[in-house]
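Structure record follows, encoded as structure tokens.
The values are calculated or read from the model by the stated rules, or taken from the named source; none is laboratory data. Note that the coordinates shown come from a computational prediction; the quantities given were computed from them, not determined experimentally. Counting neighbours? That spans all protein chains shown, and the Cβs are built from the backbone with ideal geometry, glycine included. The area values use the complete protein model at the heavy-atom level, side chains included, leaving out ligands, DNA and RNA. Shrake-Rupley method; radii C 1.70, N 1.55, O 1.52, S 1.80 Å.
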Amino acid sequence: MAYVALSEAEKTFILHGVEEDFRCDGRSRRDYRPMELETGLVSNASGSARLRLANTDILVGVKTEIDVPNPLTPEFGKLEFFVDCSANATPEFEGRGGSDLAQELILSLQNAYESPYAFDYRTLCLIPGQQCWKLYIDILILECGGNLHDAVSLAAKAALYNTKLPRVTATLLDAGVTDLIISDNPYDCTRIGIDAVPLLVTVCKIGDYCLVDPTAEEEVCSTVSMVVSVSMRNNEAYLSGTHMTGGGSMHRDTMLNSIQLGLSMGEQLNNLLVKMLKLEEERVGPKRPNTVGFLK
């Protein structure tokens, strides 16, 4: 998180606003800031998305390659995250200033995607034990305005929705060797199912109250936050993981309330994201142009 210098009077003002359920920007404790989403921006990537959550700006690109499955999970594909904090986001990210934050975000995403119930790795397997797809999810933080965990998870899920995997055909050669033929038709591809892909919801504790989508100023006023990983299964929200950030602690009842709030907001976020992705796909136009003549 980017450091913001606040006086004691400003911190008290923010605290009183949270207590009155009327934050500095007019939101209640359960409201998110305005969100903008674009997909398919990076032409040399298999999928990409850019999400702007108020002052937080995230760009995600997904690249694919064929790899060998892990011997312990021969029927699973692979997924790898990389986070880069741009020095333009905040002066603190210059040099290796953002490495700790990047590593924290990578671990949060890896833990959220670790369960096969959260992400179906079997869909990335081509030949069990021999060939599989490996996805590289590269995340670039262009601007830091608070609530990075939520913004990064939303942008990553949108980029996975936009990802297109070329259709692969396997042929059996002599001596039992399998040869893969990858289609070079950009429209002959498959999509990745994102129904169960998890979202991260940060529940921030300020004073005696918990809120979602904290700004950079509100994060300074908080001593502890809980990041809740929410996955959808059969149109119901499930908890797929949690972890704490900050040096403070939470009472047991506050922790349970934070998890319930995270599950509720995660379900709403997922429904909103799916709706935004469908509207974006309709706006872009048809997937495949009409062909004529010998091109049919």
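Relative contact order of the chain, taken over Cα pairs closer than 8 Å and 6 or more residues apart, is 19 percent. Against the chain, whose longest principal axis comes from its Cα atoms, helix 99-113 is set at around 60 degrees. Backbone phi angles across segment 72-83, fed through the Karplus curve with coefficients 6.51, -1.76 and 1.60 (θ = phi - 60°), yield HN-Hα couplings of 6, 10, x, 9, 10, x, 10, 9, 9, 9, 9, 10 Hz in residue order; Gly and Pro are listed as x.
I'd like to check one number: the per residue accessible area of the chain, probe 1.4 Å, reported in Å² as a whole number.
On the way: 15690 Å² over 296 residues.
Using a 1.4 Å probe on heavy atoms only, each residue of the chain averages 53 Å².
Any idea what the relative contact order of segment 1-159 is, in percent, if you count C-alpha pairs under 8 Å spaced at least 6 apart?
On the way: 285 pairs, mean separation 49.7, N = 159.
Relative contact order of segment 1-159: 31 percent.
Please give the residues of segment 83-104, grouped as numeric ranges, whose backbone N is less than 18 Å from a label point set 7 Å along the Cα-to-Cβ vector of His243. Of the residues in segment 83-104, 83-85, 98-104 have backbone N under 18 Å from the label point off His243.
Give me the extension gain from Ser115 to Gln260: residue separation times 0.36 nm, minus the current Cα-Cα distance, reported in nm with one decimal. Write down the numbers at each step before the final one.
Working: separation 145, 0.36 × 145 = 52.20 nm, distance 2.04 nm.
Here the segment from Ser115 to Gln260 would lengthen by 50.2 nm.
3J(HN,Hα) along segment 235-251: 6, 10, 8, 10, 7, 10, x, 9, 7, 9, 10, x, x, x, 9, 10, 5 Hz, from the Karplus curve 6.51 cos²θ - 1.76 cosθ + 1.60 with θ = phi - 60°, whole Hz, x for Gly and Pro. Taking 0.36 nm per residue of separation and subtracting the current Cα-Cα distance, fully stretching the chain between Arg191 and Ile66 would add 43.4 nm.
Other residues with beta-carbon under 14 Å from the beta-carbon of Asp208 carry, at +1 per Lys or Arg and -1 per Asp or Glu, a net charge of -2. The count of lysine pairs in the chain that are at least 8 places apart or cross chains, and whose C-alpha atoms lie under 15 Å apart, stands at 11.
Pick the calculated Rg and Dmax of the Cα atoms in Å for this structure from [x] 20.8, 70; [y] 21.2, 77; [z] 17.7, 52? Read-out from the structure maps to [y]. Per-residue SASA remark: Arg122, around 130 Å² accessible (1.4 Å probe; ligands, DNA and RNA not included).
Counting heavy atoms of the protein chains alone, Ile181 has an accessible area of about 90 Å² for a 1.4 Å probe. Rounded to the nearest 10 degrees, what's the angle between the helix 148-162 long axis and the longest principal axis of the chain, both from Cα atoms, 0 to 90? Roughly 20 degrees between the two axes.
Carbon and sulfur: what percent of the chain's accessible surface (1.4 Å probe)? Carbon-and-sulfur percentage of accessible area, whole number: 50. Computed from Cα atoms, the angle from the helix 8-19 axis to the main principal axis of the chain rounds to 70 degrees. For Gly146, the residues 5 or more places off, or on other chains, whose built amide H falls under 5 Å of its own are Ala2, Ala216.
On the basis of the beta-carbon distance and an R0 of 35 Å, Arg252 and Ala170 show a calculated FRET efficiency of 0.10. Give me the percent of DSSP beta bridges within the chain that run antiparallel, rounded to the nearest 5. Roughly 85 percent of the DSSP beta bridges within the chain come out antiparallel.
Compared with the direct C-alpha span, the chain from Asp100 to Ser7 gains 30.9 nm at full extension, assuming 0.36 nm per residue. Based on DSSP H segments of at least four residues, each scored -39500 (n - 2.57), the chain has a per-residue ellipticity at 222 nm of -9000 deg cm²/dmol.
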